[in-house]
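Below is one structure, written out as structure tokens; comments come after it.
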Amino acid sequence: MQENDPTNWGAATWMLAVGMSFFGGVVSWYSKLRAGHTRVFNLIELIGEVVTSGFVGLASFMVLSSLNYPVGICAAAAGISGNMATRLLFLIEQTIEKRFAALNKD
């Protein structure tokens, strides 16, 4: 279990995890751009997308790594979850709001 400790990861592992996560965010932003949901020069949205994707992607990389998945699978999951980061966080937020609403009715 010691090899899955993030403090023991090398620079290459960190670069892979963060790079795949950030790339997933850039792809998500670009797909929104192509669909006409954002403007080309909206740098704030791009930065927000990349930072959110980096956080979610890195978290998924760490979770899968702690479950002893191969690094390639962890990196792929980091990219995919990075791409879906803002949508995933939105779904989690909706779920939490529904639970709190149900608790407040009681």
Tensor-based shape of the range 54-106 (alpha-carbon gyration tensor, a/c under 1.5 rounded, otherwise prolate or oblate): prolate
Mean residue ellipticity (222 nm) of the chain, computed from DSSP H runs ≥ 4 via -39,500 (n - 2.57), nearest 500: -27000 deg cm²/dmol
Assign one of three labels to the chain, namely rounded, prolate or oblate, based on the Cα gyration tensor with a ≥ b ≥ c the square roots of its eigenvalues; rounded applies when a/c is under 1.5, prolate when it is not and a/b is larger than b/c, and oblate otherwise. oblate
So, R0 is 25 Å and r is the distance between the beta-carbons of Ala76 and Arg39; what FRET efficiency does that work out to, to 0.05? 0.25
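Only the coordinates and a few stated rules stand behind these numbers; no lab work does. Bear in mind the structure is a predicted one, so any value in this text is a computation, not a measurement. Virtual Cβ from ideal backbone geometry, glycine too; neighbours counted across all protein chains shown.
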